[in-house]
Protein chains: 2
Amino acid sequence: MQFLLEVVDILTNYVRKTFDRSTKVLDFHHPHQLLEGMEGFNLELSEQPESLEQILVDCRDTLKYGVRTGHPRFFNQLSSGLDIIGLAGEWLTSTANTNMFTYEIAPVFVLMEQLTLKKMREIIGWPNGEGDGIFSPGGAISNMYSVMVARYKYFPEAKTKGMSAVPRLVLFTSEHSHYSIKKSGAALGFGVENVILLKSDERCVKVIPADLEAKIIEAKQKGYVPLFVNATAGTTVYGAFDPIDEIADLCEKYNMWLHVDGAWGGGLLMSRKHRHKLSGIERANSVTWNPHKMMGVPLQCSAILVREKGLLQGCNQMCAGYLFQPDKQYDVTYDTGDKAIQCGRHVDIFKFWLMWKAKGTIGFEQHINKCLELSEYLYNKIKDREGFEMVFRGEPQHTNVCFWYVPPSLRGMPDCEERRERLHKVAPKIKAMMMESGTTMVGYQPQGDKVNFFRMVISNQAATKSDIDFLIEEIERLGQDL
Amino acid sequence: MQFLLEVVDILTNYVRKTFDRSTKVLDFHHPHQLLEGMEGFNLELSEQPESLEQILVDCRDTLKYGVRTGHPRFFNQLSSGLDIIGLAGEWLTSTANTNMFTYEIAPVFVLMEQLTLKKMREIIGWPNGEGDGIFSPGGAISNMYSVMVARYKYFPEAKTKGMSAVPRLVLFTSEHSHYSIKKSGAALGFGVENVILLKSDERCVKVIPADLEAKIIEAKQKGYVPLFVNATAGTTVYGAFDPIDEIADLCEKYNMWLHVDGAWGGGLLMSRKHRHKLSGIERANSVTWNPHKMMGVPLQCSAILVREKGLLQGCNQMCAGYLFQPDKQYDVTYDTGDKAIQCGRHVDIFKFWLMWKAKGTIGFEQHINKCLELSEYLYNKIKDREGFEMVFRGEPQHTNVCFWYVPPSLRGMPDCEERRERLHKVAPKIKAMMMESGTTMVGYQPQGDKVNFFRMVISNQAATKSDIDFLIEEIERLGQDL
């Protein structure tokens, strides 16, 4: 127990420093450096136990060589920040060390999950919050559930007879959607070729409904069955929102399942100011929504919500006698395990429930509004700034701000292959220097025919305007001589 | 920060009490009771924030109405116990709050995972520990990976073209295997009908190789392609080990993938005394092994290990540009994300790595030997005891001890339908009383034609002989008047 308190001491020091801007975001080392062993820190496992003193050193060093994802200047991922209530919730969860599959061993957590999912469904706008859902290990798995449930709804025989017993089924998703839809297509036996990618509009961000309809018709003409459309609410790179209402019209017309992947953008439902961007979401058959992204809940916390009750259970249940005994003394409809593709399931609900209690719905709204204001601040600051070029025109819909930094050496150059090639190398070089110096972190990527650009995202509640200013200046400082 | 320390105070008190045998294992309430709200504890979420004092009360009450899975008398699940080093590791993991998909944001954890998986492969017996692997959110998902990878190895075109483009593929698994193999068959598009269940031997526990071969031949005669055999190392209910070597012979003969589901029994590989029960595992193509079960690591911690390198990546990769940039400054082969069906992946490695450091390989061996000794103690104590009947003959291979408690009222009665019906109700009644009184917890279930029986399992490092004695006496006390 003394040991545990000493670890707590290490952890609270770490948390304090994380919020201190004079602390580095990371102390970068290459894999071979860490593998060779830093002074006193050796990753190898051995036959014999180590002393508790060494274990404490190991804990300190693990944090030392890691990345401070809660640092106000960490912008590298959609999940960032370190909420203290959420952290406390996660510590409690670890201490309770239980499993979501039955009410029997997780009574309080099972009920919290049920109530929270209902609340989320109400916010989506399904009548009386009716429906079903489950927390899953991340948005990719939540999206996978949506495809499974859609298949079960239209072709329940696929569960028993497999995909060879049903017509060739086709899934539609935007070229900018998350890669997990394609992964689901591959894993679940549809095949990636049967995941049809939809074109985007003139700003290169949103699905064009006419393109969707043309592709539906084309698939039908080939004798395939259009099964499922994924509309993204907040794409990963651009933060764009597909036009859900128009897509819903087509899903109704062609009798297809509508899934909304709101892993990233779902949080905006909590904001009266921004929720209009997901207008039509109440017409979806299923929704992915990750509180661990825009709502600042510690990893992992992702929900798949399904409008029709019973489908998750029907799709996945196998009635294992050793877990789901029908003759228990309590109402066994509270046992959730047979809705899942998992058996044991981590308790992801408590930290989220506790944060909701502590912040109120209103607290999440404020957090989201603040992040979006910060991204507006960033956008306005760089849109006409020398050396910055925006990747797409117009204000960002989410906190994603995508831009190129153009070093002075490239500024006069006309748009040609050489400029493109050189610009392509700028973001990786700046990012590498950023990581070496440890001052901040932001992501970059190419997209389609666009060369490497920075994607700034803000979900960190610790970030302020000064951190945005710092990022811009740091990019200029590191990139000016490239 | 003060708040966090107050939560720590609540948690350390909870841990202390958990190890105190005078504390109840649980304080049972029905769902409707908790939903209606206990004094001062209300699960409903609201618009406005609550005070930090109330949040602390919520934390206390959440633990109060939960189940102490670390209590020395909690035997209800394959995962039990509360290891303090593991707990500290999980608290550190929550504080680091990062994600396994790239080396960039989880450098230390990614390397720990790599080294630990290699160590596990060495222990399995694959040459030089070569191969691949990943930690996944539980044994069911690990088993699902094995089926996906097997399909990719033999029919890589299924990834792009789907299951309708490949022959009818058949999976084989024992009738006593975990239900996740069937779930995988349903989810991945094989269909449950194509998951062929294998018969068990005269003790009703292990797969009969001759039955497997007959079924392989039958499937081939029908024009199906036998793809995959799952051999269970430690079945969920009986704790039986399938004969891996004989199954491996058949897999070689018929060119099939051999998976060993060692979610429960894999831990025995750490024991020089018991690892012979998994003899032949080095011939497997893939292995599921859950340190969160027999090795006492906190939930969740499950590994899927694959003998051939490159398959996990080939099977699952989609090369998302925003995460897996090829032009990073470090060796990007350390980015693990494209091996997974998940995108974000929880850090499950650190607690395990830290426990291994603190206990040494030898510490896990001692823990496992001790649990198996305790189950032998239980078996010897009840096998001839009045009122107890063993479900299968012979010593248990794992810590599973399966038995009926026969109350005095049924003891004279000949084996007839009435006795069976009444005996079927005994375990649920005793279990209900156990939970109401909160003194201990053990699972029960029917299996095949066997009416409800208790399944005792021991993985809890806090359990001693006195707790086994207590369990037996408690069952007798609660059951004597039934």
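All of the numbers you see were taken from the coordinates with simple rules; none came from a lab. From a predicted model like this one, the values you see are computed outputs, not experimental measurements. Note that we place each Cβ from the backbone using ideal geometry, even for glycine, and neighbour counts take in every protein chain shown.
Some notes on this structure:
- 7 Å along Cα→Cβ, label-point gaps from A:G223 to other copies, nm, shortest first: 1.7
- Each eigenvalue of the Cα gyration tensor of region B:308-351, multiplied by 5 and square-rooted, gives one semi-axis; in descending order these are 17, 15, 12 Å.
- Per-pair calculated FRET efficiency, R0 = 22 Å: B:T160 and B:Y224 via Cβ, rounded to 0.05: 0.50
- Relative contact order, percent, chain B [alpha-carbon distance under 8 Å, six or more residues apart]: 20
- Order of B:H274, B:H71 - criterion: other Cβ atoms within 10 Å of each residue's Cβ, fewest first: B:H274, B:H71
- The rotation axis taking chain A to chain B passes closest to this chain A residue's Cβ, listed with the gap in Å: A:G189, 1.
- Cα pair distances exceeding 22 angstrom across region B:403-482, given as percent: 25
- Gyration tensor (Cα) of region B:98-155, equivalent ellipsoid semi-axes in angstrom: 21, 17, 11
- Links that overshoot a 23 Å alpha carbon limit, given the list A:K118/A:K339; A:K119/B:K431; A:K119/B:K351: A:K119/B:K431; A:K119/B:K351
- Rg [Å, one decimal], Dmax [Å, integer] - region A:345-482, C-alpha atoms: 17.6, 56
- Look at where the Cα atoms of region A:311-349 and of region B:18-50 average out, and the two centres are 21 Å apart.
- Kirkwood-type radius of region B:37-139, with distances r between different C-alpha atoms, in Å: 17.9
- Under the span-like rule (Cα at least 20 Å along the axis, Kyte-Doolittle mean at least 0.0), DSSP H helices of chain A: A:2-18, A:107-124, A:139-154
- Take the Kirkwood radius over Cα pairs of region B:3-45, plug it into Stokes-Einstein at 4 °C and 1.567 mPa s, and you get 103 µm²/s for translational diffusion.
- For region A:124-179: rounded, prolate or oblate by the Cα gyration tensor [a/c cutoff 1.5]: oblate
- Label distances, nm, B:E202 versus same residue in remaining copies, Cβ-directed 7 Å point: 8.3
- Pairs of Cα atoms farther than 19 Å apart, region A:226-372, %: 60
- Kirkwood hydrodynamic radius (C-alpha pairs) into Stokes-Einstein, region A:241-319, 4 °C and 1.567 mPa s, D in µm²/s: 95
- Cα-based equivalent ellipsoid of chain A: semi-axis lengths in Å, sorted from largest, via gyration tensor: 37, 33, 21
- Normalised by the number of residues in region B:1-111, the average gap of Cα pairs under 8 Å and 6 or more apart makes the relative contact order 26 percent.
- Separation of the B:E418 and A:E308 label points, Cα + 7 Å toward Cβ, nm: 4.8
- Length-normalised contact order for region B:66-121 - Cα pairs under 8 Å, 6+ apart - percent: 16
- The protein assembly as shown: proportion of alpha-carbon pairs further apart than 37 angstrom, %: 46
- Kirkwood radius for region A:323-386, taken over all pairs of different Cα atoms as the inverse mean of 1/r, rounds to 16.3 Å.
- The Cα atoms of region B:152-260 cover 43, 26, 21 Å along the three principal axes, with the biggest extent listed first.
- Nitroxide proxy distance, nm - points 7 Å out along Cα→Cβ at A:S22 and A:R272: 4.3
- Simple spin-label estimate for A:D449 and B:I217 in nanometres, 7 Å along Cα-Cβ: 6.3
- Take B:S22, move 7 Å from Cα toward the beta carbon, and the resulting point lies 5.1 nm from the same point in each other copy, nearest first.
- Helical contribution to [θ] at 222 nm, DSSP H n ≥ 4, -39,500 (n - 2.57), averaged over chain B, rounded to 500: -13000 deg cm²/dmol
- The convex hull around the C-alpha trace of region B:352-415, projected and averaged over every direction, spans 5.8 square nanometres.
- Kirkwood hydrodynamic radius (C-alpha pairs) into Stokes-Einstein, region B:10-71, 37 °C and 0.692 mPa s, D in µm²/s: 254
- Extent along principal axes [Cα atoms of region B:207-289; Å; largest to smallest]: 42, 24, 18
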